[in-house]
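These notes concern the structure reproduced below.
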Amino acid sequence: MTTEHELPLVNTSDLNQHLYCPRRLYYLMFYHTQGLNFVLADGRSKHAHQSRRGQWYREMYLRSEKLHLHGKIDLLEGKTKLTPVERKHGTSFFDNDEVQLAAYCMLLEDYLDEPVRMGYLYLFGTNERYAITITDWHRNKVLQVVEAIRNMSLDKIPDFADNPKKCEKCSTAAYCLPEETRMLQEESARMEHGGKDEWANSKWIDREH
């Protein structure tokens, strides 16, 4: 039996994946199905290019047994104190991006043994960065998602994403088969419902005779 201390640490990037779609993370974790779609390839290219610019770039890998987390911070700004900077593809960011940034701040806190109350999200699409204040909501969400990921198992497949549009650019769609599975589920439901109707009709006919 695996104890809590034997479970692997959660990668900070997996928090983002889980919040986007737990089912996607399931396939990435247990089947190693990371496809290299255009968005992912373009993002990696920009990360590599950005890392060669300026003197302020510095990667830092951190791990924390207390938080059950590990990860590599993209950038650290250090004018007065170290502040994480997470870079994202696109022109907007979402709650899952903020939670990932909060996880980096919490890792840095644990490493420095001092509060880290703010981080930055940099967007390649706008060439701008946005200051994110790390709140109690962010911190609690990090802990909740870490726990959810640690409780994932091969024999429990999460449901599909609530928003089907998330599947359109997903690199695991070829394995997850969201459209095909939904069609099969709908057909199965129709068959089951039709079978019940047919049974009810036959019983009604029997009573008439």
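The values are calculated or read from the model by the stated rules, or taken from the named source; none is laboratory data. The structure displayed is predicted, hence computed values, not measured ones. Here the Cβ is made from the backbone with ideal geometry for all residues, glycine too, and neighbour counts use every protein chain on show. Please note that ligands, DNA and RNA were not included when accessible areas were found on the heavy atoms of the full protein model with its side chains. Shrake-Rupley method; radii C 1.70, N 1.55, O 1.52, S 1.80 Å.
Here D136 and K156 are evaluated by their C-beta separation; at R0 = 30 Å the FRET efficiency comes out at 0.50.
Placing a pseudo-label 7 Å from each Cα along the Cα-to-Cβ vector at R190 and A148 gives an inter-label distance of 3.3 nm. Averaged over its residues, the stretch 135-194 has an accessible area of 72 Å² per residue, based on protein heavy atoms and a 1.4 Å probe. The label point for L9 and the one for H89, both projected 7 Å from the Cα toward the Cβ, are 2.7 nm apart.
Summary of packing: across the peptides 58-70, 153-165, 9-21, the per-residue average of other C-beta atoms within 10 Å ranks them, highest first, as 9-21, 58-70, 153-165. Lys/Arg Cβ at +1, Asp/Glu Cβ at -1, dipole of the stretch 65-138 taken about the Cα centre: which of L82, N96, N127 is farthest positive-ward? Farthest towards the positive pole: N127. From most to least packed by mean Cβ count within 10 Å, the peptides 174-181, 80-87, 22-29 give 22-29, 80-87, 174-181. Considering the stretch 61-163 at the alpha-carbon level, its Rg and Dmax are found to be 14.7, 48 Å. Above 16 Å, the calculated P(r) of the stretch 70-113 contains 38 percent of its Cα-Cα pairs.
Extension gain, E179-Y61: 0.36 nm per intervening residue step, less the Cα-Cα distance, totals 38.7 nm. DSSP finds beta bridges in the stretch 67-185, and of those with both partners inside it, around 70 percent are antiparallel.
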